[in-house]
1. Report every pair of residues separated by at least 6 positions or lying on different chains whose Cβ atoms are under 6 Å apart, first residue within segment 109-137 and in contact (Cβ under 8 Å) with a residue 40 or more places away in the chain and of a type in the set (Gly, Ala, Ser), second open to solvent by less than 70 Å² (accessible area, probe 1.4 Å) and in a loop (DSSP other than H, G, I, E, B).
2. State the number of residues belonging to segment 39-82 that are open to solvent by 60 Å² or more (accessible area, probe 1.4 Å), over 20 Å from the mean Cα position of the chain (by Cα) and over 21 Å from residue 135 (Cα atoms).
3. Given the structure, is residue 11 assigned to a helix (DSSP H, G or I) and either of a type in the set (Gly, Ala, Ser) or open to solvent by 80 Å² or more (accessible area, probe 1.4 Å) (or both)?
4. Would you tally the residues in segment 110-139 being among the polar types (S, T, N, Q) and within 11 Å of the chain's Cα centre (by Cα)?
5. Looking only at segment 55-63, decide whether some residue is among the β-branched types (Val, Ile, Thr), at pLDDT below 95 and assigned to a strand (DSSP E or B).
6. Give me the pairs: first residue in segment 13-28 and at negative phi and of a type in the set (Ser, Thr, Tyr), second residue in a strand (DSSP E or B) and open to solvent by 60 Å² or more (accessible area, probe 1.4 Å), beta-carbon distance under 7 Å, and six or more apart or on different chains, which are they?
7. Just give me the residues in segment 83-96 being open to solvent by less than 10 Å² (accessible area, probe 1.4 Å) and more than 13 Å from the chain's Cα centre (by Cα), in sequence order.
8. Just one of (1) open to solvent by 30 Å² or more (accessible area, probe 1.4 Å); (2) modelled with pLDDT of 95 or more trips up residue 104, so point out which.
Amino acid sequence: MSKLIRIWKTQGGFTVNGTDYKFDDFDSVSFTYSRIKHIMRGANGTNKVGIDTEEGLKTPDTCQVTIVDMTSEIHQLLQQCYDNDTRINLYFIDSDNLGKVQFNNAKITTPVRQMNIGEDDANLSVILSVESFDVEVGV
């Protein structure tokens, strides 16, 4: 069975100081993985196999989650974590196949704020952005 995470089967949340908090509603999650593998060769172009190289090892992986109608308590807690540089563990787990992505010791990178105000349902969203060097993927 595939370990791909399906949003309609996924629970998401975070832990801070050993306490677990679940998101009641979230819309989307996007990840950026910084480690990239390449091959390269000299400018003379005679090497047909290439030399293995990597980049992005000094750059953390990132995650951005859109949370819908966040409670004021969760918002206040996350904003305090941002203000005080408190690390969190952010996780997403597919309840059927147990596929997961977990950002451990993650730093919240931007203030936790509502991005838009208007009459559309999407305007009830708050963006949470984190980065981490300790990311678990799979089971």
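The values are calculated or read from the model by the stated rules, or taken from the named source; none is laboratory data. For clarity, every value in this text was computed on a predicted model and none was experimentally measured. Don't worry about glycine lacking a Cβ; one is built from the backbone with ideal geometry, like all the others, and counts go over all protein chains shown. The accessibility values were calculated without ligands, DNA or RNA, using every heavy atom of the protein model including side chains. Shrake-Rupley method; radii C 1.70, N 1.55, O 1.52, S 1.80 Å.
1. The qualifying pairs are 129/109; 129/110; 132/60.
2. Total satisfying the criteria: 12.
3. Working: assigned to a helix (DSSP H, G or I): no; either of a type in the set (Gly, Ala, Ser) or open to solvent by 80 Å² or more (accessible area, probe 1.4 Å) (or both): yes.
No, not satisfied.
4. Narrowing segment 110-139 to residues among the polar types (S, T, N, Q): 110, 114, 116, 123, 125, 129, 132.
Going one step further and asking which of them are within 11 Å of the chain's Cα centre (by Cα), we end up with 129, 132.
Of the residues in segment 110-139, 2 are among the polar types (S, T, N, Q) and within 11 Å of the chain's Cα centre (by Cα).
5. Step one: list which residues in segment 55-63 are among the β-branched types (Val, Ile, Thr), which gives 59, 62.
With at pLDDT below 95 added as a condition, the list becomes none.
Within segment 55-63 (the criterion being among the β-branched types (Val, Ile, Thr), at pLDDT below 95 and assigned to a strand (DSSP E or B)), the answer is no, since none of the residues qualifies.
6. Once the first residue is at negative phi and of a type in the set (Ser, Thr, Tyr) and sits in segment 13-28, no partner that is in a strand (DSSP E or B) and open to solvent by 60 Å² or more (accessible area, probe 1.4 Å) comes close enough.
7. Matches in segment 83-96: 94 only.
8. All conditions are met except number (1).
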